[in-house]
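Input: a single structure, listed below in structure tokens.
Throughout, read-outs are computed from the coordinates displayed, never taken from laboratory work. Keep in mind the model is a prediction, meaning the values are calculated, not measured. Reconstructed Cβ throughout: ideal geometry from the backbone, glycine too, with neighbour counts over all protein chains shown.
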Amino acid sequence: MSGPGRAKEGGIDGILVLAKPSGPTSHDMVGLVRRLSGTHRVGHGGTLDPFASGVLPVFLGLGTRVVEYHMRDDKAYRATVCFGASSSTDDRDGELAPGSGPAPTREAVLEALAGFRGSIEQRPPAFSAMKIGGRRAYQLARQGQPVDLAARSVTIHSLELVQWDGSDPDRPTAVVEVECGAGTYIRSLARDLGERLGCGAYLGALTRTRSGPFRLEAARDLDVVRNAAAKGPAAFAGLMLPIDVGLESIPVADLTDEELVATARGQQVKPAKRPHAEQGATIRLVDSSQTLVGMGSWRAGRIVPEKMFVVPAPRAGTDDTAVAKALSRPGEPRLQYARAGIPHEVVAGVDQLREDMGRLYLAVGVFDGLHRGHLYLMRELRHAAARANARPAVITFDAHPEEIVLGLAPALLCDPDERLVRLAAAGAEITVVQHFDHELRTTTYQEFVARIRSRVDLAGFVMTPEAAFGYERQGTPEALTALGKEVGFDVTVVHSLLLDGEQVRSSEIRKRIAAGDLAAAQRMLGRPLSVTGRVEAVPGVRDAVLVRFELPVVLPPAGRYSVLVGAPWRADATPLRADRAATAVVEGELLRLEGGPWDGSSERVRIVFAT
């Protein structure tokens, strides 16, 4: 792109709609496309089980930046349901057990199908990728551990019987066509249909015929893809769809050249042309040629950029060499203190705040990972506190709110003790570790603010536009601003940090780590990935130990990684740099350290991944 910005990435960008064959995994397909295209960043838009076939959208380059906007796409399937037996995995790959009741007739199946249309409650299969306490359900099931997954609401738009085979009266089969919302398990549908008929059933075959706007008739066979790759990048790129295909239902915001420059730098803008969008809605950002240049949201009459596919044209005389060298420097970087020598106090909940702590300016959040977006917010907190003659302070939580709200917390990017150390280094003079439970979840933002004000002189809050706290997240910047005007505190709203055109968020970092892109994760974190766990001896082995984690942590994909090992960080001790070179072997959610000898004790260690 020329003009006010330039393309963020090179290589092949777009969407390749594959016709996945039965056999390989979705991950296998991503690996194949990565090798054939020579493009590092590749992802897919919805897993298909190995035995399943059909539409698998694969996103390359900049296309990976829009995958999340397709995750709620409707799907369509053609499924073969086998009656008269049940399966341990709810499909043909599991251990089969004969059904207890008589096989159904075609008429009985037709009648039963009617009860599965519309919004229904569905229990996911035990052998699924859903997490329970930080572990995949299928891992627990394979170990013989009980798997209790709660039922959830899914939507079946249509469910029709298109073929019936009763040639084996004890084991009839039905072919059904299903159109459903995201998150629907066809294996569960087959299982539940068999249970309703009292005869047992499992999924014998599955073809996805549509995923959102992507249809099977337009999907590319693997032979076509391989032949195009053999002809060169231009031929391969000819198979791709533009990255904005399928996003047509998202409102558009037309940017002027000046607005494009501003949003590419992460700034919010009040556009000359207001988009037709509701408050808080996701919007597509397009330039004067109607080319998609980013994604954002519409908040309080402003465009908030969240993902930008262009970056600002470099200013004359700028040189990123020093930054590049700093990011590529080997070993763990030394912890940098924004306000060296400033004492730091940790407080167990807002009810332990004291009047003698003085006037406080607050930031509220989980702060998992203390990534560069958090550090940017902390910098703004320090500045706001200085202007208000107050002390910068942080309220964080002892559990991730999603653990209470959703029953499942995301894996941590930062050990809780290390988080306290990094908050102190970022300039927090006081860190409040608030217990998060159901009572706090149902506390309104007005009540929470009142609890704070009853104990200290509250100067204000620093928030990003999308931040919120309190019951049902009603404590938005707008709501807090109105309350502050009423009772006497300020609210400073700062735009979220964009790095290479993308909003820096913990969820985005987790995605990079899960994909094995530790360099991209490190760039967002501003430091290498680190995890803290307790070593456990391997019987008869001196040069390797297992590492157990007390809480779910984010680990890269299975493989061998160069790491540095050191002592864990604590809020009451000087943090030591990890300096012992070792090899970490990751296998699922297990980690083994090699490069001993190790003493085999149950000591806690901190492991820093090199990139």
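Overview of results
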item	result
Cα-projected label distance for Ala150 with Asp168, points at 7 Å along beta-carbon direction, nm	3.9
Rough spin-label spacing in nm, given labels placed 7 Å along Cα→Cβ, for Lys231 and Ala581	4.8
Relative exposure of Glu121, Glu466, judged by other C-beta atoms within 10 Å (fewest first)	Glu121, Glu466
Paramagnetic label zone (point 7 Å from Cα along Cα-to-C-beta, Lys270; backbone N under 17 Å) in region 282-305	298-305
Per-residue ³J(HN,Hα) for region 281-289, Karplus 6.51 cos²θ - 1.76 cosθ + 1.60, θ = phi - 60°, Hz, x for Gly and Pro	6, 6, 9, 8, 9, 10, 8, 5, 9
Beta bridge orientation in the chain: antiparallel %, DSSP, nearest 5	75
MRE, 222 nm, helices only [DSSP H, n ≥ 4, -39500 (n - 2.57), over the chain, to nearest 500]	-6500 deg cm²/dmol
Listed peptides 491-500, 212-221 by packing density, highest first (mean Cβ within 10 Å)	491-500, 212-221
Among Leu413, Thr89, Gly198 the positive-end extreme of the charge dipole of the chain (Cβ point charges)	Leu413
Estimated FRET transfer efficiency (Glu486, Ala519; beta-carbon r; R0 51 Å; 0.05)	0.60
Stretch gain in nm, segment Asp543-Met71, where the contour uses 0.36 nm per residue and the Cα spacing is subtracted	165.6 nm
Neighbour net charge for Gly470 - beta-carbon separation under 14 angstrom, K R +1, D E -1	-1
Ordering of 12-22, 467-477, 166-176 by packing [mean C-beta count within 10 Å, highest first]	12-22, 467-477, 166-176
Length gained when the stretch Glu603-Gln336 is fully extended (0.36 nm per residue, less Cα-Cα span)	93.5 nm
Residue exposure sequence - Met308, Met71 - by fewest surrounding Cβ within 10 Å	Met71, Met308
Ranked by how many other beta carbons lie within 10 Å on average, peptides 28-36, 226-234 from highest	28-36, 226-234
Karplus 3J(HN,Hα) series, Hz, for region 152-158 with 6.51 cos²θ - 1.76 cosθ + 1.60 (x for Gly, Pro)	9, 7, 10, 10, 9, 6, 8
Spacing of the two label points (7 Å from each Cα toward its C-beta) at Thr444 and Thr47, in nm	4.2
Option label - Kirkwood radius over Cα pairs in Å computed here, alternatives [x] 28.1; [y] 31.1; [z] 27.1	[z]
Check: the chain dipole with +1 on Lys, Arg Cβ and -1 on Asp, Glu Cβ, in debye	1560
